Amino acid sequence: MRFAVHYIDFLPGDPAALAPTLSRTAVAAEQAGAEIFTLADHFFQMEGVGKAEDPFLEGYTSMGFLAGRTEKITLTMLVTGVTYRYPGLLAKIATTLDVLSGGRSMLGLGAAWYEREHTALGVPYPPLRDRFEMLEETLQICLQMWSDNDGPYRGKHYQLAETICQPQPIRRPPIVLGGSGEKKTLRMVAQYADVWHTNAPVPELPHKIEVLHRHCANVDRDPSEIRMHTGHFTDPFTDTDAYLKNAEACAALGFDLLNVGPLPGTPDPAGWVERFGEQIAPRLAEIG
């Protein structure tokens, strides 16, 4: 079982300290053997984590910064809200990150949910049905821009006269779809995703996998082509054996990557990652 590090809490304090702390944490993740470093794509802190007024840095600017501070680790948003950027521009942004990082990017996408930041910043927040339609069109547009087809795209929500994207990515960014909705999200995972990320509780995972396999059968796709990631955002140091037992249950279901991270309020996130790399990662690597 491999692991990724999710950085979610830009600690309150001096703005000048935010960049060094973020950089140290990403470098610590790379040195600890993490495969991926992820950020949440938001503009306000999520209210389940802290206060909306807490510091929060824009994701793709932050990823560009980290591309210049790291060498091997893959960088991605977990996940980009489809409402925040027009899809043609998003494809260009993701391509730029891939080129500048030397082919180390992924494209994480979701239907968006944080209504408060939409309303506050003047970003349209369509009904959920529309957001899922926008998500599917965004996937189609990105894939077209990363192909030899520079022609138009005509959808219900987006119309592009041309889909030029030069330079092309060094490596076509793998597409990560986040969520566990059985009718729409898992259907799109089956059709478009290279990676499925879910935070569903472990007891729910067998059923979710069964639904995903049914969707794969409907689109004639081999489910083994879809890598499965799961979030595991609990304290690994309080009861390490229980933590690893949960990871073993995920591995037995076919998940090969665990997304972990400093818990909200951790005063030294880089130190947390270093400790995880020393105490937990070697035992995690033995699983599966």
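A single entry from Glu71, Glu115, Glu133 fulfils the requirement of being among the acidic types (Asp, Glu) and within 27 Å of Ala26 (Cβ to Cβ): Glu71. Cβ-Cβ under 6 Å, sequence separation 6+ or interchain: first residue in the stretch 244-265 and under 15 Å from Ile280 (Cα atoms), partner surrounded by fewer than 23 Cβ atoms within 10 Å (Cβ to Cβ) and among the aromatic types (Phe, Trp, Tyr). Which pairs? That search, which allows pairs on different chains as well, returns Pro262/Trp272. If you check Ile141, Ile175 for being out of contact with any Pro (no Cβ under 6 Å at 6 or more places or on another chain), crowded, with 16+ Cβ neighbours inside 10 Å and within 25 Å of Thr95 (Cβ to Cβ), only one passes: Ile175. Within the stretch 255-280, being more than 19 Å from the chain's Cα centre (by Cα), within 28 Å of Pro203 (Cβ to Cβ) and at pLDDT 95 or above holds for Trp272, Phe276, Gln279, Ile280.
The values are calculated or read from the model by the stated rules, or taken from the named source; none is laboratory data. Since this is a predicted model, take the numbers as computed values, not measurements. Note: ideal-geometry Cβ built from the backbone for every residue, glycine included; neighbour counts use all protein chains shown.
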